[in-house]
Amino acid sequence: MEPILYKVFGAVVTIILAFVVGMTYMGLSRKITARVQNRVGPPVYQNFLDALKLISKKTAIHHGIMQMMGPAFFMVTSIGSLMFIPVLNDGRFFSNLNFEGDLVFLLYLMVFGPLGMALGAGQTGNPNSAIGVTRGLSQMVGFEIPWVMALVALMIQYDTTSIVGLMEAQSASGTWLVFSSPFAFIAAVLAMLGMFRYSPFDIVGAPTELASGPVAENGGKYLFTMMSSNSIFAFVKLTLYVDLFLGGADNLIELLIKTFAIYLIPMLYGLVSPRYRTEQAVRYFWGWPLFFGFLAIMYAVVF
Amino acid sequence: MMNDKNSQKIVDIIQNYARLHSLFVLAYGTGCGAIEIPPTMTSRYDAERFGIRGAATPRQADVLLITGYLTTKTLKRVIRVYEQMQDPKYVIGFGSCTINGGMYWDSYNTIKVLDKYLPVDVYINGCMPRPEAVIAGFVKLQSLIREGKAEGAKLYKDNLEQYRENQKKVIPNWVMPEYNW
């Protein structure tokens, strides 16, 4: 087979895997939430039914070209960042456009999607969307700082800005980064709580308060695009955490176990927490996560 | 080569399967019936196991649940909400008030028969209907969708003049955007 065709095929397989795994995790989170609340809950495949229903809606109204672009931006960012994440350690089959410095590039790319969504939400003219967007951007200012500090600590400690470089450093030393740079892991996990937008940090969507925020005016296929890119993006973030801190995965089963273990942290923390206000959320991220971020950088510089 | 009509039938069956198992409900809680919605959704009766879940805005919703009586003032908002929903959409009339006025049968400012103003797919009678009855109504709607009989939106589109005439009879100051699909 031609190498370029092989790569395209690998990319398609990666996207399908990310979509299926992300959607299943969202369904599992709904099931687990239901079991915690002593309910039966929807079936695990409920999110696929929702997606199929949304895409088979007959009409989908839009308020202008930017509203159509917003979900597309989000989708492009999710798939784009998926292409830079090594799914498995050997990386034989799955697509990986890895290059030196892709961690820095990924930091930029992961912010681009929410920004595109913000532009799309601005076009709809719904006040709830505008409030949701401002809240989301303030929250992003909160959690991006400890997240970037954790990554900078890793870059200093191992003298590389590539994800594959960090994975090789883990396999060379034989220990996972969660043990060799624990403070960076703590800062990154605390930042992840905000990144996943489960409660107490669900201030963007805020059901019953903002009427689902930025997606308030999006129905049908727009909602489908946002839902599917959200699940692909969840897979991207989980795989990135596994790659950076838990030594990657050798096969798919190991990947699923490790990503689900990481996914349980924001989900279970969200189940027992009420929602923060915006300033409380930002203050949270600039408290202990920032402290651990500083500690991680000092640890990296000193050792 | 497959017949077009048959392939459309297969697509319809698959789409209807997804639609009936994923109902996003916009509960328009004007009347007293809204108090029966929280127990239906939460732990005791758990409507989410049927794929029924709340939607925040009309754009995302499939089902408009009208709980109880409608005053002539709120009718205007309900019509606006219904017209903002995306096709295919269903209306459930909840409680006796939506059928014949119920205990407000001689009130001067509530509408008596909801079906004159909006196409209702399923009625749930009772004052109040208990959560079991609400879930039974949803199951009835699901079976209607499965058979392809929940065509309220099509009915509304076809008989728009008649519905508009009825609506304008009770709403004197009609300042509304045109219904665009």
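The values are calculated or read from the model by the stated rules, or taken from the named source; none is laboratory data. What you are looking at is a predicted structure, and each value in this text was computed from that prediction instead of being measured. Please note: Cβ atoms are built from the backbone with ideal geometry, for glycine as well, and neighbour counts cover all protein chains shown.
For (1) assigned to a helix (DSSP H, G or I); (2) of a type in the set (Asp, Glu); (3) surrounded by fewer than 19 Cβ atoms within 10 Å (Cβ to Cβ); (4) at pLDDT below 90, each residue gets a yes or a no:
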| position | (1), (2), (3), (4) |
| --- | --- |
| A:Val13 | yes, no, yes, yes |
| A:Tyr25 | yes, no, no, no |
| A:Ala34 | yes, no, yes, no |
| A:Leu52 | yes, no, yes, no |
| A:Thr59 | no, no, yes, yes |
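The listed residues are A:Gly125, A:Gly116, A:Gly120, and the only one of them that is surrounded by fewer than 19 Cβ atoms within 10 Å (Cβ to Cβ) and over 20 Å from A:Ala191 (Cβ atoms) turns out to be A:Gly125. Among residues of the range A:258-286 that are among the basic types (Lys, Arg), those with a Cβ under 7 angstrom from a residue that is part of a loop (DSSP other than H, G, I, E, B) and modelled with pLDDT under 90, sequence gap 6+ or separate chain, pair up as A:Lys258/A:Leu246; A:Lys258/A:Ala249; A:Arg275/A:Ser199; A:Arg275/A:Pro200; A:Arg275/A:Asp202; A:Arg275/A:Ile203; A:Arg275/A:Ala206. Reported count of residues in the range B:100-116, each being touching a helix residue (DSSP H, G or I) at 6+ places or on another chain (Cβ under 9 Å) and either among the charged types (D, E, K, R) or at pLDDT 90 or above (or both), is 3.
Across the range A:165-210, the number of residues qualifying as farther than 21 Å from A:Phe233 by Cβ, of a type in the set (Val, Ile, Thr) and at pLDDT 85 or above comes to 1. Screening A:Phe179 with (1) touching a residue at least 60 places away in the same chain (Cβ under 8 Å); (2) over 19 Å from the mean Cα position of the chain (by Cα) gives one miss only, at (1). I need the full set of residues from the range B:126-160 which are aliphatic (A, V, I, L, M) and part of a loop (DSSP other than H, G, I, E, B), in order please. Once the filter is applied, which keeps residues that are aliphatic (A, V, I, L, M) and part of a loop (DSSP other than H, G, I, E, B), the range B:126-160 yields B:Met128, B:Ala150.
Only one of the listed residues (A:Phe48, A:Phe19, A:Phe9) is closer than 30 Å to B:Ile10 by Cα, surrounded by fewer than 20 Cβ atoms within 10 Å (Cβ to Cβ), among the hydrophobic types (A, V, I, L, M, F, W, C) and more than 11 Å from chain B (Cβ to nearest Cβ). That residue is A:Phe9.
When A:Leu5 is tested against (1) part of a helix (DSSP H, G or I); (2) at pLDDT 85 or above; (3) of a type outside the set (Val, Ile, Thr), exactly one condition is not met: (2).
Conditions tested, residue by residue: (1) at pLDDT 90 or above; (2) over 25 Å from A:Asp202 (Cβ atoms); (3) among the aliphatic types (A, V, I, L, M).
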| position | (1), (2), (3) |
| --- | --- |
| A:Phe245 | no, no, no |
| A:Ala249 | no, yes, yes |
| A:Leu252 | no, yes, yes |
| A:Leu255 | no, yes, yes |
| A:Phe291 | yes, no, no |
| A:Phe294 | yes, yes, no |
| A:Phe303 | no, yes, no |
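How many residues, within the range B:55-69, are surrounded by fewer than 24 Cβ atoms within 10 Å (Cβ to Cβ) and more than 10 Å from chain A (Cβ to nearest Cβ)? Matching residues across the range B:55-69 total 1.
If you go through the range A:33-55 one residue at a time, do you hit one that is under 19 Å from A:Phe233 (Cβ atoms) and in contact with an Asp or Glu (Cβ under 6 Å, 6 or more places away or on another chain)?
In the first step, residues of the range A:33-55 are kept if they are under 19 Å from A:Phe233 (Cβ atoms); the result is A:47-48, A:50-51, A:54-55.
Now restrict to residues that are in contact with an Asp or Glu (Cβ under 6 Å, 6 or more places away or on another chain): none.
Within the range A:33-55, none of the residues are under 19 Å from A:Phe233 (Cβ atoms) and in contact with an Asp or Glu (Cβ under 6 Å, 6 or more places away or on another chain).
For the range B:1-54, taking the residues that are more than 8 Å from every other protein chain (Cβ to nearest Cβ), part of a loop (DSSP other than H, G, I, E, B) and not basic (Lys, Arg), the one that is farthest from B:Cys127 (Cα to Cα) is identified as B:Met1.
Only residues that are more than 30 Å from B:Thr72 (Cα to Cα) and of a type in the set (A, V, I, L, M, F, W, C) were counted across the range B:21-56, and they come to 2. Please tell me if B:Tyr123 is within 13 Å of the chain's Cα centre (by Cα), surrounded by 15 or more Cβ atoms within 10 Å (Cβ to Cβ) and either away from every other protein chain (no Cβ under 14 Å) or part of a loop (DSSP other than H, G, I, E, B) (or both). So B:Tyr123 fits the description; yes.
Inspect all residues belonging to the range B:75-90 and state whether any of them is touching a residue at least 12 places away in the same chain (Cβ under 8 Å) and within 15 Å of B:Phe138 (Cα to Cα). Looking through the range B:75-90, at least one residue is touching a residue at least 12 places away in the same chain (Cβ under 8 Å) and within 15 Å of B:Phe138 (Cα to Cα).
Filtering the range A:208-217 for residues that are surrounded by fewer than 21 Cβ atoms within 10 Å (Cβ to Cβ) and under 23 Å from A:Gly122 (Cα atoms) leaves a non-empty set. Within the range A:217-230, residues that are farther than 14 Å from B:Ala55 by Cα and facing chain B (nearest Cβ under 10 Å) have Cβ atoms under 7 Å from residues that are of a type in the set (Asp, Glu) and part of a helix (DSSP H, G or I) in no pair, counting only partners at least 6 apart in sequence or on another chain.
Counting the residues of the range A:189-205 that are more than 9 Å from chain B (Cβ to nearest Cβ) and within 14 Å of B:Ala55 (Cα to Cα) gives 0.
Scan the range B:139-149 residue by residue and report those that are touching a Ser or Thr at 6+ places or on another chain (Cβ under 9 Å) and surrounded by 14 or more Cβ atoms within 10 Å (Cβ to Cβ). Selection gives nothing.
Selection of the range A:245-277 for residues being crowded, with 17+ Cβ neighbours inside 10 Å and of a type in the set (Val, Ile, Thr) yields A:Thr259, A:Ile262.
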